[in-house]
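Worksheet for the structure shown next.
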Amino acid sequence: MQKILAVLIPALVLTSMLTACGGGGAKSRQEVRTTTVGRELMDLEQAKNQGAITQDEYEKLKKKIIKGN
């Protein structure tokens, strides 16, 4: 029983230390989309057709939407 505790306690301490510091400095990024890519592209095309953006702006934004940034 003492051998199990001798291994278990340091493992738990190490785990809690890594959890407390965010996993050793690992960066995490979370993105939530509220619209679909298709909807964004349709809205973008509508903006172009209504003259709100230029053809050049349309092409740049379209690539950005498709790329996911």
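Coordinate-derived values only; no laboratory data. Not measured: the values here are computed from a predicted model. With ideal geometry, Cβ positions are generated from the backbone for all residues, glycine too; neighbour counts draw on all protein chains shown.
Brief remarks follow.
- ³J(HN,Hα) computed for each position of segment 42-48 - Karplus, 6.51 cos²θ - 1.76 cosθ + 1.60, integer Hz, glycine/proline x: 5, 5, 5, 5, 5, 4, 5
- Taking amide H atoms as placed 1.01 Å from N in the peptide plane, the amide H of ILE53 lies under 5 Å from those of LYS48, each 5 or more residues away in sequence or on another chain.
- Applying 1/(1 + (r/R0)^6) with R0 = 22 Å to the Cβ-Cβ distance of THR34 and LYS67 gives a FRET efficiency near 0.75.
- With the highest mean first, a sort of the peptides 49-55, 35-41 on other beta-carbon atoms found within 10 angstrom per residue produces 35-41, 49-55.
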